[in-house]
Amino acid sequence: MDGILVIRKEKGYTSHDVVAKLRGILHMKKIGHTGTLDPEAEGVLPVALGKATRLVELLTDKDKTYEALLHLGIETDTQDMTGTVVKEAPVTVTGDEVSSVIQGFLGEQMQIPPMYSALKVGGKKLYELAREGKTIEREPRPVHFYEIEILEMTLPYVCLSVTCSKGTYIRTLCHDIGRALGCGGCMEELKRTKAGRFTLEESHTLEEIRQAAEEGAVSELVIGIEEVLKEYPRICCSSYGDRLLLNGNPLTEELVEGQCQDGWVRMCSSTGSFAGIYQWQKSRKRYFPVKMFL
């Protein structure tokens, strides 16, 4: 099986746990996830199988959408409710003030990664240093918030829908909103509802995957590689270009039918079999392979 399984990760599992369990269920070694979710978070986790593991880097770069429950008036050392409370304050702000501050986070922002994260500094993960009682300076990183919508507000709780760029910490967004309001805040719950083109509605729990495997029906749940890449134009080479294509070689304009010289394309053989992603290079007047899936 080569393609993407959209997993609905449940609370209590790390992303690596999900991959390990799938290896046991599917009896496959070549499996990789496309974006870490905290153990206490749930939701969409696309998992790549077989040759589709070559898509992991591409899919990890996609935007994500989350639903988060912000708890105002509390700060913790982990920026969520799994940590130790380090500060409490009364919540005296109004709903309008909360809305105004939240809208101020739209667009590009500089975000400081939390100490309790898997980022490495000097070869050591930040959360390992944090567990040793150490706090080190972290460089702010650019992130982008495309949309922040208040779904429900019953202070001190605010339910948010957030669409953002890769590498964004929603825990830190909740923490920063609380700081901006002057009362502190942390994340109480988190659910990823969308990762790139993959949605919660098309996701499956590990138990559903296990049942499908027992029935020999897992392949029906796998989204094929070419389907995942359908946003890119599809073109085919001529029969004279088949041998070059099958060896992952560049293709001249004359060997390709249905020209598309802007961005990535899905390159197929003369018989229509998908081979990989190619891109036209004007200076060299050829289509060059970006990723092959033969």
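The values are calculated or read from the model by the stated rules, or taken from the named source; none is laboratory data. Only a predicted model underlies this, so the values are computations on that prediction, with no experimental measurement involved. Cβ sites come from the backbone with ideal geometry, for glycine too, and all protein chains shown count toward neighbours. Only protein heavy atoms, including side chains, enter the accessible area calculation; ligands, DNA and RNA are left aside. Shrake-Rupley method; radii C 1.70, N 1.55, O 1.52, S 1.80 Å.
Annotations
- DSSP beta bridges in the chain [antiparallel fraction, %, rounded to 5]: 90 percent
- The chain - percent of accessible surface contributed by carbon and sulfur, probe 1.4 Å: 47 percent
- Theoretical gain in end-to-end length, E215 to M81 [0.36 nm per residue, Cα-Cα removed]: 44.3 nm
- Helix-only CD estimate at 222 nm, as mean residue ellipticity for the chain, using -39500 (n - 2.57) per DSSP H run (n ≥ 4): -5500 deg cm²/dmol
- Within the straight-line cut-off of under 21 Å between alpha carbons, the lysines reachable from K124 are K134, sequence neighbours fewer than 8 places apart in one chain being disregarded.
- The stretch 273-284 - phi-based ³J(HN,Hα) in whole Hz, Karplus 6.51/-1.76/1.60, Gly and Pro as x: 7, 5, 10, x, 8, 10, 9, 6, 10, 4, 5, 10
- The stretch 224-294, accessible area per residue, ligands and nucleic acids excluded (1.4 Å, Å²): 56 Å²
- The GluC sites (Glu not before Pro) of the stretch 198-246 that DSSP puts in a loop, and whose beta carbon has at most 11 other beta carbons within 10 Å, are E215, E231.
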